[in-house]
Amino acid sequence: MTNPKIPATLGPQSFMAVTRVEDNLLAQVKLQQETITDQNFERVMFDQATLTGMTLMADTISRLELTDVVLKNCTLVNCDLAGASFFRTAFQNCKLVGTTLDRSMLKEVTFTDCDLSLTNFNEAKLTDVVCQHSKLTELNCLDSTLKKVQLVDCDLNEADFSDTSLNKVDLSTCQFDTLRATEFDLHGCRLNETQAAYFASQFLGIHLA
């Protein structure tokens with residue numbers, strides 16, 4: 001896992017400036033404390049940037065590309081970001097409740113202390129992704145590809161991983177009362193004793209004494 005490569009000096013910029021620059025690309029910039037609501041963007045690209053305290057609500061970005069970006073204390077709620085691409089991107093204490101990231105591609109991405117409840121990662125490709133100390137309740141991750149994905153101390157209650165292989169994914173430090181996945185999806189994943197008992201009951205009708 002490689003951390004985002006952020007220059008020591010960044011120029012202040014507004015999010016809306018992305019619609020006025022060549023190729024809709026903002027590079028080596030810092031954005032702070034803006035609220036963008038109910039907007040439609042055809043393309044948005046950030047390269048070597050920090051976004052702090054930004055709020056995007058019910059926005060649609062048909063092509064979002066983040067490379068070497070840190071998002072801190074940001075809110076992206078009920079946004080449609082389907083098809084997004086994130087590379088060497090860090091989300092810190094961010095809220096992505098109800099946001100759609102279907103068919104997205106994430107590589108070397110971290111989510112720390114984030115709320116991804118009701119977020120959709122269907123048909124997505126996640127490689128070298130770490131999610132730690134975060135809330136993933138009712139998250140949908142159907143028919144997706146997970147490679148070198150780490151889930152550490154996350155709330156997965158009522159998350160749905162149907163048709164997504166969890167092979168080599170360690171769920172043992174996570175918490176859930178209900179988790180949707182088939183026996184095939186769970187093949188090769190790591191569980192703690194309580195989780196193993198839950199799935200034994202679900203798939204085999206076995207109840208431990």
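Can you send over the carbon and sulfur percentage of the accessible area for the chain, probe radius 1.4 Å, protein chains only?
45 percent
What residue among 181, 9, 50 has its Cα farthest toward the positive end of the dipole of the chain, where the charges are +1 on Lys, Arg and -1 on Asp, Glu, each on the Cβ?
Looking along the dipole axis, the top candidate is 9.
Expressed as a whole percent, how much of the Cα-Cα distance distribution for segment 1-151 exceeds 20 Å?
42 percent
Rg(Cα) of segment 54-117 divided by 2.2 N^0.38 Å?
Rg over 2.2 N^0.38 Å, computed on Cα atoms: 0.99.
Could you give the nm distance between label points at residue 72 and residue 187, where each point is 7 Å from its Cα heading toward the beta carbon?
Between residue 72 and residue 187, the simple spin-label model gives 4.4 nm.
What does the C-alpha gyration tensor say about the overall shape of segment 110-152? Classify as rounded when a/c is under 1.5, otherwise prolate if a/b is larger than b/c, or oblate.
The shape class here is oblate.
Between 200, 24, 165, whose Cα lies farthest towards the positive end of the dipole of the chain when Lys and Arg beta carbons carry +1 and Asp and Glu beta carbons carry -1, centred on the Cα centre?
Most positive-ward Cα: 24.
Would segment 19-71 count as rounded, prolate or oblate if I go by the C-alpha gyration tensor, calling it rounded below 1.5 in a/c and otherwise prolate when a/b exceeds b/c, oblate otherwise?
The shape class here is oblate.
Which percent of Cα pairs goes in each bin when the distances of segment 81-209 are cut into 10 angstrom slices starting at zero?
So the P(r) values, bin by bin, are 14, 49, 29, 7, 1.
Only Lys, Arg, Asp and Glu count, each charged at its Cβ (+1, +1, -1, -1), so figure out the dipole size of segment 1-109 about its Cα centre, rounded to 20 debye.
So the dipole magnitude of segment 1-109 works out to roughly 300 debye.
Quick one: net charge around residue 132, please, counting Lys, Arg +1 and Asp, Glu -1 for every other residue with C-beta under 12 Å from its C-beta.
-3
In nm², what is the average projected area of the convex hull enclosing the Cα atoms of segment 146-200?
3.2 nm²
Treating only the Cβ atoms of Lys and Arg (+1) and Asp and Glu (-1) as charged, compute the dipole magnitude of segment 47-183 about its Cα centre; round to the nearest 20 debye.
380 debye
The values are calculated or read from the model by the stated rules, or taken from the named source; none is laboratory data. Predicted model, so just to flag it, every value in this text is computed and none were measured. Here Cβ is always computed from backbone atoms with ideal geometry, including for glycine, and neighbour counts include all displayed protein chains. Ligands, DNA and RNA are excluded from the accessible area calculation, which covers all protein heavy atoms including side chains. Shrake-Rupley method; radii C 1.70, N 1.55, O 1.52, S 1.80 Å.
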